[in-house]
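The values are calculated or read from the model by the stated rules, or taken from the named source; none is laboratory data. Since the model is a prediction, treat every value here as computed from it, not as a measurement. Heads up, the Cβs are rebuilt from the backbone with ideal geometry, glycines too, and the neighbour counts pull from every protein chain shown. Note: areas computed on protein heavy atoms with side chains; ligands, DNA, RNA excluded. Shrake-Rupley method; radii C 1.70, N 1.55, O 1.52, S 1.80 Å.
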Amino acid sequence: MTYYEVRAKPKENIHELRYDMDHGMIHTLVPFGKSLQYSLEKAKLDNDDNAIWIEEDHCSPPLAMEREAVLDRYFSDIKIQVIESEQEGWNRIKDKKSLWDKSKASNSA
């Protein structure tokens, strides 16, 4: 099993992803939906307003199915980096602001 730190620039329609997540359209995707939902729920923002999350993936190329089904619709400039463990990845970003705090603010403006 390989874990990745994913960084991507949220597109203007990122609030639609939040809607899809809240209405069960992500976690039901087979075979990766539950893992993707979990990761995106915990997604953070870096200092350049890029989304960051940790993702488990078994495919080559990494995140191919996730990108086709979901990620390319809501993010651009997707970059991935192999990390040692899921816990190490989440620990590195735990103090950053949630992606969804920004999304709620920009959606309600």
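Amide H contacts of residue 11 (H built 1.01 Å from N, in plane; Pro and chain starts excluded): 75, 76 sit under 5 Å, all sequence-distant by 5 or more or on other chains. Per-residue packing, averaged as other Cβ atoms within 10 Å, sorts the ranges 88-96, 50-58 into the order 50-58, 88-96, beginning with the highest.
With a length cut of 27 Å (Cα positions projected on each helix's long axis) and a Kyte-Doolittle mean of at least 0.5, go through the chain and give me the DSSP H helices that pass.
Details: long enough: none.
Helices passing the filter in the chain: none found.
Fully extending the segment from residue 76 to residue 101 would add 7.1 nm, taking 0.36 nm per residue of separation and subtracting the current Cα-Cα distance.
Across the chain, C-alpha contacts under 8 Å between residues 6 or more apart give a mean separation that, scaled by the residue count, equals a relative contact order of 44 percent.
Rounded to a whole number, what % of the accessible area of the chain do carbon and sulfur atoms account for, probe 1.4 Å?
Details: 3040 of 6390 Å².
In the chain, the share of accessible area belonging to carbon and sulfur is 48 percent.
Projecting label points 7 angstrom from Cα along Cα→Cβ for residue 19 and residue 69 puts them 2.1 nm apart. Placing unit charges on the Cβ atoms of the charged side chains and taking the dipole of the chain about its Cα centre, the candidate lying farthest along the positive direction among 47, 26, 80 is 47.
Between amide H atoms placed 1.01 Å from N, distances below 5 Å from residue 83 occur with 3, 4, 5, all of them 5 or more places distant or on a separate chain.
Once you reduce region 1-43 and region 57-72 to the center of their Cα atoms, the two points are 11 Å from each other.
Listed by chain and number, the aspartates and glutamates whose C-alpha is less than 19 Å from the C-alpha of residue 79, apart from same-chain residues fewer than 8 away, are 5, 12, 41, 46, 48, 49, 55, 56, 57, 66, 68, 88.
Between residue 30 and residue 12, residue separation times 0.36 nm minus the direct Cα-Cα distance comes to 3.9 nm.
For the chain, the dipole from Cβ point charges (+1 on Lys and Arg, -1 on Asp and Glu) about the Cα centre works out to 280 debye, to the nearest 20.
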